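See below for the structure under consideration.
The values are calculated or read from the model by the stated rules, or taken from the named source; none is laboratory data. Keep in mind that this is a model prediction, so the values were computed, not measured. Glycine also receives a Cβ, built like all others from the backbone with ideal geometry; neighbour counts cover every protein chain displayed.
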Amino acid sequence: MVHGMPDFPLSSRRLNVDHVSKLEQLMPQTSFEEIATDFLLANPEESAYFLDSNHLRVRVGLFRDQFMPEDKNAFPAYAVKANSNEHVLRILNEEGINHFDCATPTEIRMMNGINQKSINFYNNPLKRNCDIVDAAHMGVKHFTVQTHDEIQKVFMSTYGLIKPEDLEIAVRLQTLNNAAAINLSTKFGASVPEVTSMFEHIRSLGMVPGISVHTGSQNSDPKTFHTAIEKMMDVIKREGRVNTLNVGGGIPVNYCGDREYDIGYYIQVINESLRGIIGEIFDNDSYKLIIEPGRSMVADSIKLVVPVLSREKRGYMDSIYIHDGIFGSFNPADTPNVEAAFKVLRQEGNQIIEVPMDDLQKFEVFGCSCDSADKLPNKMLPKDVKAGDFILHETAGAYTSACRSDFNGYSEHSWVIY
Ligand SMILES: Cc1ncc(COP(=O)(O)O)c(C=O)c1O
């Protein structure tokens with residue numbers, strides 16, 4: 001599709017439409033324009049995620065090849081929560097990612113289903129005893145904690161299943177999240193004195209301590225990684241060397257187009273911070289040095305297309321209603337710097353065109369559920385947007401499909417993988 005008038009012919013291929021079950025199409029590599037044209041002409045009322053597998057492979061390669069390339073013990077562990085679509089996980093596996101940051105036994109089971117040899121970290125600091133047991137039965141040996149209670153829970157729940165000396169317990173250290181769109185430190189992480197006493201506790205039970213941070217999701221300042229690494233180093237200097245060090249996720253994605261983030265630059269800053277101290281961190285040769293990208297690994301490989309269901313005038317405002325919402329792909333919808341930029345696609349004859357973004361006005365955007373809270377932030381959209389058009393969100397891979405609920409009986413969107 002093109003801006004304004006279309007300039008390429010409609011492909012003769014047609015997707016096989018199945019209106020009963022959700023569509024899941026694997027297509028040979030082609031352009032988004034071609035594939036979306038085919039899909040939308042055949043399925044004008046269907047919402048869909050379009051996964052560009054080549055683009056995802058390039059993203060994965062960036063983390064795999066550029067994070068501390070000289071260190072055989074350094075690797076990315078993908079944060080499964082960002083997007084757990086099976087095709088996404090299979091591509092990561094094919095590209096050599098075999099470590100995963102999991103939040104629940106369900107995610108661990110999913111990863112084992114993709115590759116029995118995957119090494120899964122149970123990094124949610126808050127766990128049920130039964131979930132720890134479940135994870136231990138699945139061979140998980142790496143847990144994250146942020147309280148003494150949690151250390152005790154992991155020790156007791158794995159007793160008889162895993163030898164304490166084989167258990168790596170990373171303590172999550174609270175770090176500044178001031179540059180992040182999503183501050184995780186309000187909920188996660190322990191202070192330096194707490195972490196130091198937890199190291200003692202872990203050692204006293206015969207388990208092996210590690211340390212982790214998260215500088216906040218969609219973190220606009222690479223320097224905060226340097227500060228967080230220095231803070232971890234302070235603890236290590238006081239309390240002794242560790243077996244794992246995890247710099248977390250947080251690398252940002254270009255959502256609104258008003259700021260360009262460079263993933264490679266972030267990795268470089270992290271690498272340089274680590275290189276200065278690497279000889280002082282670990283207590284043996286089988287250590288693990290981890291980066292945990294979620295959002296930055298997947299967001300810009302997946303586009304979302306959603307039909308506009310209706311246009312109305314409500315009071316002074318023009319409003320559109322779309323086939324998605326805060327219980328679907330847009331949760332949270334209004335976090336500054338994570339807010340989706342929308343474009344509009346339209347069917348004209350047997351073409352799908354991109355409506356030029358030059359004659360714009362403000363619209364209220366409502367989701368399709370019965371809840372009046374289901375409202376996105378206002379958007380600047382072409383003045384003539386109308387029912388039957390499609391909203392295009394080009395960086396829709398992270399925390400979208402993964403966060404949707406079944407509220408009102410809406411099911412997951414279709415997936416097109418090309
Ligand atoms: C422990 C952990 N690691 C990694 C991530 C991924 O963060 P991001 O998606 O910002 O890269 C998260 C996100 O919440 C997390 O909790």
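Of note:
- Among the candidates TYR78, TYR122, the residue that is closer than 30 Å to ILE169 by Cβ and in contact with a Pro (Cβ under 7 Å, 6 or more places away or on another chain) is uniquely TYR78.
- Scanning the stretch 75-104 for residues that are of a type outside the set (Asp, Glu) and either away from the ligand (no atom under 16 Å from the Cβ) or outside the structural domain of ASN243 (by TED's automatic domain parsing) (or both) yields HIS87, ARG90, ILE91, ASN93, GLY96, ASN98.
- Every residue from the stretch 348-359 that is among the hydrophobic types (A, V, I, L, M, F, W, C) and assigned to a loop (DSSP other than H, G, I, E, B): VAL355, MET357
- For the stretch 360-418, filtered to residues that are part of a loop (DSSP other than H, G, I, E, B) and among the basic types (Lys, Arg), the residue that is nearest to the chain's Cα centre (by Cα) is ARG404.
- For the stretch 242-254, the set of residues classified as within 13 Å of the ligand (Cβ to nearest atom) and either over 18 Å from the mean Cα position of the chain (by Cα) or hydroxyl-bearing (Ser, Thr, Tyr) (or both) consists of THR244 only.
- Among the strands (runs of 3 or more DSSP E) confined to the stretch 21-76, the ones with at least 3 residues that are within 18 Å of the chain's Cα centre (by Cα) and not charged (D, E, K, R) are located at 48-51.
- Of all residues in the stretch 109-121, none satisfies being of a type in the set (A, V, I, L, M, F, W, C), in a loop (DSSP other than H, G, I, E, B), at pLDDT 95 or above and in contact with a Phe, Trp or Tyr (Cβ under 9 Å, 6 or more places away or on another chain).
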